[in-house]
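The values are calculated or read from the model by the stated rules, or taken from the named source; none is laboratory data. None of these values were measured; they are calculated from a predicted model. Backbone-built Cβ (ideal geometry, glycine too); neighbour counts: all protein chains shown.
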Amino acid sequence: MNPSTLSDHDLHLYTKSSVIEEKISTLKVLKFLVEVHRRKLFIDFGYSTLLKYMVQELCYSEAESWTRIQAMKLILELPSVEKKIEEGKMSLSNAAILKDAIRHNLSAKNEIVSLALKNSELPARAFKKLLDPVIRVKSVVLSERLLIKMAKIQKGMSEIELIESLVDEKIRSLQFQKELRTSKKPCSNSRYISKGVQQKLFLRSSYQCEHVDKNGKRCQEKRNLQHDHIHPYALGGSNSASNIRFLCSGHNQRRAFKTYLPSK
Ligand SMILES: [Zn+2]
């Protein structure tokens, strides 16, 4: 159908019905994403997170992916939101903002949700302030030498994103070392992983997920790493460094999913 041939009346009607179709399609996509997320299907395509899968495989932008993931999680948490989105009473971006507001303000969850569901449209600006308050610090002067070093590892990140990722990495490393220092050695027949083995794992993996896909591509994830016994502990697998690897939570869950539901 060529819109330029329609009468004003029909153009108005077709535009309205197309918008309804668009909202239904959006919800349909969200429902598929819920299942992809549940199965951790993105792992099989070499992505450690749903976000990476959506950006690289489904060609959404990062912002579009983030919005859909947050909206998807909100629907899982508050099924009544689905109808609001379908009826056009809540946009995807406001659903995402609401989800983020809840995550950052668990104590005020009920208040935020009732306010959002009562109003036909979420007062997005009101929640944005709660999400990530910005604190201005005195202007910082960076030397040229430091900027050159930063440029080598920046990989498209802004200076602020780079600093945040480096701080995150330092926090993870300190956390890991703290766990090493405080872990107690329990009885001999247990899943206890000795400090020596942990140190070997840390050095071998550089604290990065050790999953390698069938094309030889290694997972890049460095957050939420978990120990995985290659030969299961329950079947007599040992606690040696050669039988243990670091997997990100996505790869670890995908492995468990395939173990328990191998037909999928
Ligand atoms: Zn991984």
Practice task
All but one of (1) of a type outside the set (A, V, I, L, M, F, W, C); (2) modelled with pLDDT of 75 or more; (3) surrounded by 13 or more Cβ atoms within 10 Å (Cβ to Cβ) hold for Lys109, so report the exception by its number.
Solution key: (2)
Handout entry: Subset of region 139-161 [basic (Lys, Arg) and at positive phi]
Key = Lys155
Practice task
Take region 21-40 and flag every residue that is touching a residue at least 60 places away in the same chain (Cβ under 8 Å) and farther than 18 Å from Glu64 by Cα.
Solution key: Arg39, Lys40
Practice task
Output the number of residues of region 196-224 satisfying the condition of being near the ligand (Cβ under 10 Å from one of its atoms) and either assigned by TED's automatic domain parsing to the domain that holds Phe42 or more than 17 Å from Lys52 (Cα to Cα) (or both).
Solution key: 1
Exercise for the section: Please tell me if Phe246 is closer than 17 Å to Gln199 by Cβ and either of a type outside the set (Gly, Ala, Ser) or surrounded by fewer than 17 Cβ atoms within 10 Å (Cβ to Cβ) (or both). Expected result: yes
Exercise for the section: Look through Glu87, Glu82 and report the one residue that is surrounded by 17 or more Cβ atoms within 10 Å (Cβ to Cβ), charged (D, E, K, R), more than 16 Å from the ligand (Cβ to nearest atom) and over 28 Å from Asn215 (Cβ atoms). Expected result: Glu82
Problem - So Met72, is it buried (at least 20 other Cβ atoms within 10 Å of the Cβ), more than 21 Å from Cys248 (Cα to Cα) and touching a Lys or Arg at 6+ places or on another chain (Cβ under 6 Å) - result: no
Practice task
Could you tell me which of the residues Glu57, Glu64 is within 16 Å of the ligand (Cβ to nearest atom), of a type outside the set (Val, Ile, Thr), within 26 Å of Cys219 (Cα to Cα) and surrounded by fewer than 21 Cβ atoms within 10 Å (Cβ to Cβ)?
Solution key: Glu57
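Would you mind stating whether Leu235 is surrounded by fewer than 11 Cβ atoms within 10 Å (Cβ to Cβ), among the aliphatic types (A, V, I, L, M) and at pLDDT below 75?
no
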Exercise for the section: Mind listing whichever residues of region 14-54 are of a type in the set (D, E, K, R), within 16 Å of the ligand (Cβ to nearest atom) and surrounded by fewer than 19 Cβ atoms within 10 Å (Cβ to Cβ)? Expected result: Arg39, Asp44
